[in-house]
Amino acid sequence: PATSIGAVAADASASSGPREDPELGPAKDLQALPKGWDRRQVSAYMKNEIDRGLGVECVHCHDESDWAASTSKPFPIARKMIQLVDHLNTTYFKGKPTVTCFTCHHGKKKP
């Protein structure tokens, strides 16, 4: 069954441009998201789920000089929360993206 994370990946792939696009290169250091995702899929997930759900910009967690670096304090928490949301949707909602970051956070950093 498709998971909520998988649904986001499918949406990003469907809207992707030609294969020469550098955004389609492999994403680095994926620990909570599917390892096969390209940068466009990761970006779509971050914008649609994390940015919207927590009301934060990319630089809340990411260093602009190295987007793939995972040294900031929010990273371990974010990874666990992404896994929790995916587990809930897979276990209780047949993979339908019912629970999202917004479910608890309502667009705020603190739920």
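The values are calculated or read from the model by the stated rules, or taken from the named source; none is laboratory data. Note that the structure is a prediction, hence the values are computed from the model and not measured. Remember, those area values only see protein heavy atoms, side chains included, never the ligands or the DNA or RNA. Shrake-Rupley method; radii C 1.70, N 1.55, O 1.52, S 1.80 Å.
Pairs from the table (LYS35/LYS110; LYS80/LYS110; LYS35/LYS109) lying more than 18 angstrom apart at Cα are LYS35/LYS110; LYS35/LYS109.
With the other protein chains left in place, how much accessible area per residue, in square angstrom, belongs to region 34-101 at a 1.4 angstrom probe? Present the calculation step by step, with values, prior to reporting the outcome.
On the way: 4360 Å² over 68 residues.
Here the per-residue accessible area is 64 Å².
Subtracting the Cα-Cα distance from 0.36 nm times the residue separation, let me have the gained length for LYS28 to ASP66 in nm, one decimal. Could the numbers behind the result be given before it?
On the way: separation 38, 0.36 × 38 = 13.68 nm, distance 1.07 nm.
Length difference between fully extended and current span is 12.6 nm.
With just the Cα atoms defining each centre, how far is region 65-96 from region 27-58? Give it in Å. Between the Cα centres of region 65-96 and region 27-58 lies a distance of 9 Å. With a ≥ b ≥ c the root eigenvalues of the C-alpha gyration tensor of region 71-111, is it rounded (a/c under 1.5), prolate (a/b larger than b/c) or oblate? Taking the square roots of the gyration eigenvalues as a ≥ b ≥ c, region 71-111 is oblate.
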